[in-house]
Each structure stands twice: as structure tokens, then as C-alpha cells.
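What follows is a single structure, written as C-alpha cells, with notes after it.
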Amino acid sequence: MKTDALIAMLATNAAPVEAGVLLRRYVLALGAGLAFAVLLMAVVLGVRPDLPEATRLPMFWVKVALPLSLLAIAIAGAVRLARPGVAIGRVPAALPVPVAAIWILSAAALVAADPGQRIAMLLGDSWLMCPLNIAMLSMPVFAGVFWAMRGLAPTRLALAGAFSGLLAGSAGALVYCLHCPEMAAPFIGTWYLLGMAIPAVAGALLGPRLLRW
Amino acid sequence: MGAAREYMRSRERVGAQEDHLKDLLLRGLSGDGVAYHAFLKALSAFLRAFLRGRLARVPDEVEDLVQETLLAIHNQRHTYDASQPLTAWMHAIARYKMIDFLRRRAGREAMNDPLSDDDELLAASDEEAREARRDLATLLERLPDRQRLPILHVKIQGLSVAETAKLTGLSESAVKIGVHRGLKALAAFVRK
């Protein structure tokens, strides 16, 4: 087929393109993914029984703020990476901000604490399960955002995969806040971050394979 | 002075071209087939020059890549945002397809014998450089009927979606999906 024939073929009866495909895909991916993650959390792990009281504590909202701010940054990065020729700009530079904030809080909490308490603050009662549970809860959104990205056109596949994975990880961590009873900043600053990093690294590794077009 | 004026003039030319192409594409995206045809035609000329300059060592594969990139731009046209510079969008797609092509080619050459110098000399003098080596029409034959027939009737013979639905017994939405998925599948065949 000559190029002119291909052009004629592509232009013949080319259907009008609907606007807002990117927004629709991401709203659907995040909405359905979060709903499944909440269901998974409620069924497998259970909502923490003292949730109403916990929401009155500032530390609960600090805990929520970490994944929520990372989620916002990851969405900003992913939607830029989903379109050819859109620069990601300063989005990656925002990533260290919430991380530094939780680490400063952690350091302050550890310094103020009784030396005998420090290990307990870091490990809590669930340090091993925390990252694994966050990774598990990130899976529905992970599937959703990779589906969304596959319908778009990323050109930097590993980076697009990493931001998609971080998006899923931070959404998973957000949902995990509804179950997890841990309230110490050093715990959040270590195991929550590790839990969110697992899908982010998985996304970076899978991106070049899953997102190619 | 003269160089600066020349530079400004070339910037203006590029800017005017960008505006013209963008106008054609936006009209094409809202369903104007004539404008879309003109957009693809102009785009193919730019792509050919862009790729020929960068793939000087494999001139007879340039047209393959022009076609592959045109197909990619068509399949991804929904990712263009009107607030974005069109050149940046087209350039990113062309660059992505070129790098993908070079990687595939490097993979192939690692398995096969590399071209000898004699072959390269012959390839460079090939008069038929503008013919694509890979035939998309042949790849089209490999699509399943539910994709091949909608493309054949709607995109090649120019029948309407309704006429194609009647002819093939498929529903109208199945015809539309068949065209859409078929062109994506064609792009996937090309990558292999």
C-alpha cells in the first residue's frame, strides 16, 4: 500500500473524535479502582473500629495527608505523561516535599520520645504487614490506571509506569488509613512510604512492556 | 543582522505552518474528512523529510516508518489537546516511533548477519526508496473478519457505517469498534 493510499484510507469516514477522553478514562479508573480497594479493605482487613474517634485526632489527618498529597502529585504527573509532547515540568520536584515533611515530623517525634520507646514507635504492631497490605490495596487502581494509560499515548514508558504505580500506591495507602490503627509519624514515614514504593517500582518495571504502542 | 532577520522569518514560517496544520487537524477531529486528508498529506511530507534526515543509513525503510507514524498519529489523535502546540505533539510521536523502530532494528540485526558494506551501497542508490517495503495491505488481510470487513467497506470502499452494518450483518457499533480496533491491531502488527 502506497502512502497516499494509506492517507486516503485513514481520512475516509474518519469519525469525529470525542473530547475529554483522558479525563473520562482517569475518572473511571480511579473511581472504580478506589471502590474496589475500599471493598477489599473492608472484606479482607476490616475498618478500624475506632475510626470515628480517630478522625478527631490531628495525627489521623497527618497520616491521610501523606498519601493524599502524593496521589495529587502522581495524578498531575500521569496525565502529563499520558500525552505525547507534554512536558512533565516540575512535577517530580514536588515529590520530596511530602516525604521531607513526614520525615521532619518523625525526627521530632523520635527526639521527643523516651529512648526506650523509639523502636516501638518505628515498628508499631504491624510494620511487616503494612507495606504488603498497601501494595495489595493498590492493585485495583493499578489495573485501572494502566488501562487508562494504555488508551492514551505515553512516550516515556518507564516514567509513565512509575507515576501510574505511585498513583495506585498512594490510593492504596489512602484506603489503608481506614483500617490501620498505627498513629506514630516514624511508622508512617517508613512503612507507608515503602508500601507506596512497591507499586511505583513495579510500574516502572512493567511500563515499557505494558504501555508500548 | 541578516542572520537574525532570516531566523525571525523562518520562525514566522514555522508558526504559520503550525497554525495552518492545527486548523486542518481540529477540523478533521470534528469530522471534516477533507481537512483531515489535507492534514495527513501535509504531515506525511514533513514526516518524510524529518525521518529521511535522521535515518540516512536506511533510506529504503523511511517510507515504512512514515506509514507507521501516520497510522500511530491517526490512532492517537484523541490524545491531542487543542491548547497544546501541535508541533510538540507530532514531534513526540515521530520521535517515539523512530526510537522504537531503531530498537527493533537493533534487535533484528543482533540476530541476523549485519548488512555488508556492499549491500549498504546498493540500498543507498535504490531508486524505489519511496515505496514502502512492508505492505500494509497484506497485513490488513491478517485481521479477523470483524475488523477487516469494517475497514474494507468503511475506510477503503467509503461505504457508510449503516451500509456496512447491513452488508456484513454486524451492528453499527460493532462496525465502528471493528474499524477502531482493526487500525490499532494493524499498528501492533507493524511493531512486530
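The values are calculated or read from the model by the stated rules, or taken from the named source; none is laboratory data. As the structure is a computational prediction, the values presented were derived from the model and not from experiment. Because the Cβ atoms are built from the backbone with ideal geometry, glycine has one as well, and the counts that use them run over all protein chains shown.
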> Can you tell which of B:A16, B:A45 is farther than 18 Å from A:T12 by Cα, within 12 Å of the chain's Cα centre (by Cα) and either modelled with pLDDT under 95 or of a type in the set (S, T, N, Q) (or both)?
Replying inline: B:A45
>> Tell me the residue from B:A92, B:A35 that is within 11 Å of chain A (Cβ to nearest Cβ), free of Cβ contacts under 8 Å to residues at least 24 places away in the same chain, in a helix (DSSP H, G or I) and over 27 Å from A:L81 (Cα atoms), please.
In response: B:A35
>> Out of B:S44, B:S83, I need the residue that is within 14 Å of chain A (Cβ to nearest Cβ), under 30 Å from A:L23 (Cβ atoms) and free of Cβ contacts under 8 Å to residues at least 60 places away in the same chain. Which one?
In response: B:S83
> Could we say that B:R146 is in contact with a helix residue (DSSP H, G or I) (Cβ under 6 Å, 6 or more places away or on another chain) and assigned to a loop (DSSP other than H, G, I, E, B) here?
Replying inline: no
> Among the residues of the range A:164-177, is any touching a Cys at 6+ places or on another chain (Cβ under 7 Å) and crowded, with 22+ Cβ neighbours inside 10 Å?
Replying inline: no
> Can you find even one residue in the range B:14-31 that is outside any helix (DSSP H, G or I) and within 13 Å of chain A (Cβ to nearest Cβ)?
Replying inline: yes
> Just one of A:L22, A:L6 is within 14 Å of chain B (Cβ to nearest Cβ), buried (at least 17 other Cβ atoms within 10 Å of the Cβ), hydrophobic (A, V, I, L, M, F, W, C) and in contact (Cβ under 8 Å) with a residue 40 or more places away in the chain; which is it?
Replying inline: A:L22
> Out of curiosity, is A:P84 touching a residue at least 12 places away in the same chain (Cβ under 8 Å) and within 30 Å of B:H91 (Cβ to Cβ)?
Replying inline: yes
> Out of (1) at pLDDT 90 or above; (2) within 20 Å of A:L6 (Cβ to Cβ); (3) not small (G, A, S), what's the single condition that is false for B:P85?
Replying inline: (2)
> Which one is farthest from A:M121 (Cα to Cα), of the residues in the range A:153-191 that are of a type in the set (V, I, T) and under 18 Å from the mean Cα position of the chain (by Cα)?
Replying inline: A:V175
>> For the range B:152-192, give me each residue that is farther than 19 Å from A:G151 by Cα, within 11 Å of chain A (Cβ to nearest Cβ), of a type outside the set (A, V, I, L, M) and in contact with a helix residue (DSSP H, G or I) (Cβ under 6 Å, 6 or more places away or on another chain).
In response: B:H153, B:K155, B:T164
>> polar (S, T, N, Q), without any contact (Cβ under 8 Å) to a residue 40 or more places away in the chain and surrounded by 18 or more Cβ atoms within 10 Å (Cβ to Cβ): which single residue out of A:S69, A:S106 fits that description?
In response: A:S69
